[in-house]
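Just below is one structure, and these are the notes that go with it.
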Amino acid sequence: MKICQIADIHQGLGYPGTSPLSRFEDINRVLDWTADYLIAEKVDLVLIAGDCFKDAKVMFDRGADETICIGNWLRKISSAGIEVIVISGTPSHDSIAGYKILKEMQIPNVSIYTQPQIMPVFITGGPGEEDVNVACLPGLNRSSLMTQDEYKCLPPEQVHRIMTDKITQLCQGMAAQMPDDKPKILMSHLTYQGCDSGFQDLLMQHEPILTREATQGFNLICLGHIHRPQVIDSKVFYSGPIERLSFNEEDILPGFWIHDVGVSKKLEIQPYPIYSQFIETPARRYVTLELDQLDMEHVLSADLAYVAFMQEIDLKDSIVRLCYSCSEEVAKQLNRKQLEKALYDAGAFYVSEIKADVQRVDRARDNSVNESLGPLEALDKWAINQGIEESERQALAVLTSELMEG
């Protein structure tokens, strides 16, 4: 039995890019590639572990485009006879309304759950004999419990403990209801005890936790929520996103898992051996360029050096940000527009940011700046003293005038 695990698609309009549609189209391209791969590999079952959508609450026209995109992708997979189970992700940013619409589409072979549910899956077509059972546990967060009066006044850490205990009891109950002579799979969208959450650590304080105790009764645990592919305790898998979504994911490998679930002759040792392979998707790269004083002097060293320097780095089709550190003297000679053009000339798909860390020298106070000057005159003298270019001084003056006018 061949099972695919996918999560954290986060399809949506409005990601930073060359246009509001550009990253939407990137994700759609990877979705199509993934569907073609699953069909070619003759996968039996696809588990989509939450966060299909970018934002929970969106305008109708945007939500329609995002939901239609996910619906078309599910239909493409299911039309090949592949069974698909989808759960919702984190309620605070995944669109429950989007899942309701997907459910109303009644796409053949696709089951969608926004509440806990056990799903028996019939793959081989035997009469009334399921091949595997999947316990579906959609995403939860603290706010879903805090709306209940008895929990409203409790501190966050206590709510966290209560939710974790409830999740453990729920998982144990679902595992007990599932037959022991079939593989038991848990699909959820939660943080697992002991996982590597990377940059998300600070964002996940006081979240409910999926404990080892909760997963004991399952043969395979397929999770979404953590954007970092990994395996924990040999049977707990995070797939991460199929497309990089920000610079926080610059160093991850986007993709999904294919699990081959078999039946061992030595049932008492390992009744359902699982062989897993991670499949990398053709996701767009994020690249951070960090240049120091010597690098920037090299950039300025000759005509067309901007282009020559940048073309030594593989930026082709990447989303790029440039962070440079240099002296004030070097910074004065740089032209940000030329830097940006050089990045595009080197093949960048989109230049996200050019950020400078300029070591400024101390300046003597301009004695002509005193109480007799008006705000705009004082601002202009200060800007000149700071070495700010005329175009930026004019922009500051316009903004200051607007503020003063209320």
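What follows draws every value from the coordinates through simple rules; no lab data is involved. Quick caveat: nothing in here was measured; it's all calculated off a predicted structure. Cβ sites come from the backbone with ideal geometry, for glycine too, and all protein chains shown count toward neighbours.
Kindly provide the pair-distance distribution of segment 1-147 built from C-alpha pairs, with 5 Å bins from 0 and whole-percent values in order of increasing distance.
So the P(r) values, bin by bin, are 2, 9, 19, 22, 20, 14, 8, 4, 2, 0, 0.
Mind checking the angle between helix 390-404 and the chain's longest principal axis? C-alpha axes, 0 to 90 degrees, to the nearest 10.
70
Where in segment 49-93 are there trypsin sites (Lys or Arg not before Pro) that are in a DSSP coil and have at most 11 other Cβ atoms within 10 angstrom of their Cβ?
K57
Given a cut-off of under 8 Å on Cα pairs at least six residues apart, what relative contact order in percent is computed for the chain?
That works out to 13 percent.
Between S327, S78, S197, where does the largest GNM mean-square fluctuation fall for the chain, given springs only between Cα atoms within less than 10 Å?
S327
Once the Cβ-Cβ distance between S401 and K100 is put in as r, and R0 is 56 Å, what FRET efficiency do you end up with, to the nearest 0.05?
Rounded to the nearest 0.05, the efficiency is 0.70.
Taking loop as defined by DSSP and a crowding limit of 16 other beta carbons within 10 Å, which GluC sites (Glu not before Pro) in segment 1-100 fit?
E41
Given springs between every Cα pair under 10 Å in a Gaussian network model of the chain, which of D32, D233, D180 has the largest fluctuation?
Judging by the Gaussian network model, the answer is D233.
So how long is each side of segment 1-68 along the principal axes, counting just the alpha-carbon atoms, biggest first, in Å?
Principal extents (largest minus smallest coordinate, Cα): 40, 23, 17 Å.
Could you give the C-alpha radius of gyration of the chain expressed as a fraction of 2.2 N^0.38 Å, taking N as the number of residues it contains?
1.25
Hey, what's the per residue convex hull volume over the C-alpha atoms of segment 286-360, in cubic angstrom?
Per-residue hull volume (Cα only) is 72 Å³.
In deg cm²/dmol and to the nearest 500, what is the mean residue ellipticity at 222 nm of the chain if only DSSP H runs of at least 4 residues count, each as -39500 (n - 2.57), divided by the residue total?
The helix-only estimate for the chain comes to -10000 deg cm²/dmol at 222 nm.
Hey, what did segment 11-53 get for relative contact order, percent, Cα under 8 Å, at least 6 apart?
32
For the pairs K76/K235; K2/K182; K2/K184; K332/K381; K42/K76; K76/K103, note any where the Cα-Cα span goes beyond 21 Å.
K76/K235
Treating the angle as unsigned and between 0 and 90°, give the value, to the nearest 10°, between the Cα long axis of helix 22-40 and the longest Cα principal axis of the chain.
So the helix axis and the longest Cα principal axis differ by about 30 degrees.
Once R0 is set to 30 Å, what does the formula 1/(1 + (r/R0)^6) return for the Cβ-Cβ distance between N72 and V231, expressed as a FRET efficiency to the nearest 0.05?
Result of the calculation: an efficiency of 0.45.
Taking the chain as a Gaussian network, Cα atoms linked when under 10 Å apart, which of L13, L154, L373 shows the biggest mean-square fluctuation?
L373
Let me check against my output: what whole-number percent is the relative contact order of segment 286-360, with C-alpha pairs under 8 Å and at least 6 apart?
40
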